[in-house]
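Structure record follows, encoded as structure tokens.
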Amino acid sequence: MLGLGRTIDVEKGLWVVEAFYSHPFAVNFKGKTSSSITGRTSITPSITDGTTFPPTRKNAFNIILSPTAKTIWALHTPSITADVFFGNRRQEHYVHSFGVKAFVPLGVAWIPDYSASSYNPVPDPSFKAWSLTLHYGLEFSRPEYPIYMAVNKVISSRSSPNPNDPYDEKSLAKWHAPDLKELLNDNWTFALGIKTTMF
């Protein structure tokens, strides 16, 4: 992971700006896909002969070093993350923090799709092409009440798998508006903590 960050002190406030690039990788010293997973045998014909796994991808997981983190379990992709936060100290004894974080994967993640006799990876049908996290926090900066409260809301692209082709990555990689049900009901995080000093 590579990152850049900047902290800027202003009158009665603090800005924090960060950006990160993450590039996962995987190492397989055997150099080939295992022939047995969780005690089952004969689980890789779809990879080796391409009968159910697309022929262009039948050797995709037979690797020693994968710069894109291809493994027998999944395919992870590089990603970019950027965030901006502002801490407002204008109100005595309180610090209000506001922020937004953007996350953009640079590829489509794959997951295992098991059947009775084969291991057949497919693009993750719940893959999100982008996501934003909105943040608000309130810190009681008084020694008697060192309490911190926060709420985060994730807003993400609507998943768009191709019902006619489970291997279609292009459909999942397209950017879409958020799903309205998810926008209102899902992906809320509430936090409550106590600020302490160890030393």
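Each other residue within a Cβ distance under 9 Å of THR133 adds +1 if Lys or Arg and -1 if Asp or Glu, for a net charge of +1. Couplings 3J(HN,Hα) of the stretch 145-155, computed from phi: 10, x, 9, 10, 10, 8, 9, 10, 10, 8, 10 Hz, in residue order, whole Hz [Karplus 6.51 cos²θ - 1.76 cosθ + 1.60, θ = phi - 60°; x for Gly and Pro].
Taking amide H positions as modeled 1.01 Å from N, with prolines and chain starts lacking one, the residues under 5 Å from ARG158 and 5 or more places away or on another chain are HIS176, ALA177, ASP179. The stretch between ASP179 and PHE86 holds 30.7 nm of extra length on full extension. This uses 0.36 nm per residue minus the Cα-Cα distance.
No value in this document is a laboratory result; all are computed from the given coordinates. Quick caveat, the model's predicted, so the values are computed rather than measured. Note that we place each Cβ from the backbone using ideal geometry, even for glycine, and neighbour counts take in every protein chain shown.
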